[in-house]
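Written below as structure tokens is the structure these notes are about.
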Amino acid sequence: MKLLSVTIPSYNSHEYMEKAIKSALVGGDDIEILVVDDGSSDNTLEIALKYEKAYPGIVRAIHKENGGHGSAVNTGLANATGLYFKVLDSDDWFDKTSLLKVLDFLRETVTDTKPLDMLICNYVYEKPSAHKHKAINYHSAIPCNKFISWKDVKHFKMSQNLLMHSIIYKTKLLKECNLKLPEHTFYVDNLYAYIPLPYVKNMFYLDVDLYRYFIGREDQSVNEAIMIKRIDQQLKVTKLMIDAHDLSSIKNKKLQAYLTKYLAMMMIVSSALLVKEGTPESLEKRKDLWAYLKNKNKRLYRVISNRKFGRPLQLKSKFVRQVIIIGYLFCYKIYGFN
């Protein structure tokens, strides 16, 4: 059995997908690389088949009708045979040295039969157009290089959310929690990094910069203009996160606090984008989002509303809206990333 299944969702990715595939090939026979062609109209499938032929038993090319990023992840998970599961987007890549360290650790964990539901690693924003890169680590939030449970975690800063880029799940866990991401929807990586967490009992933080997250293409889903254009999909994902768990029923208070903070971040991002767009329709959508949360869970609504940005993001005042926009632009200038 393979140690690690790496799914590479690929849609019209022929210009850059080979870098992603080659970075994963460093894992050799311990790894399986599932290149999921999501109904591309370019040479994506041909490239995937080329690598499948060159690396039999390691690379598998899977063709499917177009269903979006979530659908491609679902397909990869359904076909995964590795003990652990990782998603690598086709325009991103692994740091090779870090990947070898990850595989060494997983091999040792399996050999010693230590329980591990989730492995956490650092990721790095790469924005070549601005000559910027920024590593995201969890030094202050998670005890390093030791097996822990949720009771051992500390405070997560807003920049330290666990994202798809930083998480490796046990494959069996994802299948047992029946994770199914929605089709034809962007931003489902938030669901991937949120829904399975209550099922995670044992975790480990390996302090390596594994995932290199490319950011800066004009057509990228995290481009601000694209995010505003696709705001309805952002809202859909946020509402699915609201529906996913009754956070008041989660007994571990640290896990409950983390999930609440993550959901609050989604509410803040969605609201800020709607305020920045500023049309009557977008401001009505903002109102609807907060009403949705309130109707689903009044206690959770009060908790999130009482956070630092909760109340201001609901106010109608033009002055407050302008302050929100200035704050958004300031953060963008400081970090250089959306």
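Some notes on this structure:
- Residue match in the stretch 121-140 (condition: of a type in the set (A, V, I, L, M), in contact (Cβ under 8 Å) with a residue 40 or more places away in the chain and under 25 Å from Lys172 (Cα atoms)): no
- Pair list, Cβ under 6 Å, 6 or more apart: the stretch 30-49 residue among the acidic types (Asp, Glu), other residue part of a helix (DSSP H, G or I) and open to solvent by less than 10 Å² (accessible area, probe 1.4 Å): Asp30/Leu103; Asp37/Thr44; Asp37/Ala48; Asp38/Ala72
- Residue-level analysis places Ile215 outside the set of residues that are modelled with pLDDT of 85 or more, crowded, with 17+ Cβ neighbours inside 10 Å and of a type outside the set (Lys, Arg).
Let's see how each residue does on (1) touching a strand residue (DSSP E or B) at 6+ places or on another chain (Cβ under 8 Å); (2) open to solvent by less than 50 Å² (accessible area, probe 1.4 Å):
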site	(1), (2)
Cys121	yes, yes
Lys127	yes, yes
Lys132	yes, no
Cys144	yes, no
Phe147	yes, no
Ser159	yes, no
Ser166	yes, yes
Lys180	no, no
Asn190	no, yes
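- Filter result for Phe156 (aromatic (Phe, Trp, Tyr) and within 25 Å of Gly82 (Cα to Cα)): no
- Condition met for Asn74 (in contact with a strand residue (DSSP E or B) (Cβ under 6 Å, 6 or more places away or on another chain) and either farther than 18 Å from Lys172 by Cα or surrounded by 21 or more Cβ atoms within 10 Å (Cβ to Cβ) (or both)): no
- Residue in the stretch 254-267 that is more than 17 Å from Gln233 (Cα to Cα) and outside any helix (DSSP H, G or I) present: no
- Taken together, the criteria place Thr81 among residues that are under 15 Å from Thr171 (Cα atoms), open to solvent by 20 Å² or more (accessible area, probe 1.4 Å) and part of a loop (DSSP other than H, G, I, E, B).
- Residue satisfying condition, being open to solvent by 40 Å² or more (accessible area, probe 1.4 Å), of a type in the set (D, E, K, R) and not in a helix (DSSP H, G or I), within set Lys251, Lys276, Lys236: Lys251
- Subset of the stretch 99-113 (residues that are open to solvent by less than 10 Å² (accessible area, probe 1.4 Å) and not aliphatic (A, V, I, L, M)): Thr109
- Breaking point among (1) touching a residue at least 60 places away in the same chain (Cβ under 8 Å); (2) in contact with a helix residue (DSSP H, G or I) (Cβ under 7 Å, 6 or more places away or on another chain), for Gln256: (1)
- Residue selected from the stretch 192-208 under the condition of a type in the set (A, V, I, L, M) and open to solvent by less than 30 Å² (accessible area, probe 1.4 Å), by the criterion nearest to the chain's Cα centre (by Cα): Ala193
- Any hit, the stretch 219-231, residues being at pLDDT 90 or above and not in a loop (DSSP other than H, G, I, E, B): yes
- Pairs with Cβ under 6 Å, 6+ apart, first in the stretch 50-62 and under 19 Å from Leu77 (Cα atoms), second at pLDDT below 95 and crowded, with 20+ Cβ neighbours inside 10 Å: none
- Restricted to the stretch 27-42, and to residues there that are surrounded by fewer than 16 Cβ atoms within 10 Å (Cβ to Cβ) and not acidic (Asp, Glu), the residue that is farthest from Tyr84 (Cα to Cα) is Ser41.
The values are calculated or read from the model by the stated rules, or taken from the named source; none is laboratory data. Every value quoted in this text rests on a predicted model; they were computed, and no experiment measured them. Don't worry about glycine lacking a Cβ; one is built from the backbone with ideal geometry, like all the others, and counts go over all protein chains shown. With ligands, DNA and RNA removed, areas are computed over all heavy atoms of the protein, side chains included. Shrake-Rupley method; radii C 1.70, N 1.55, O 1.52, S 1.80 Å.
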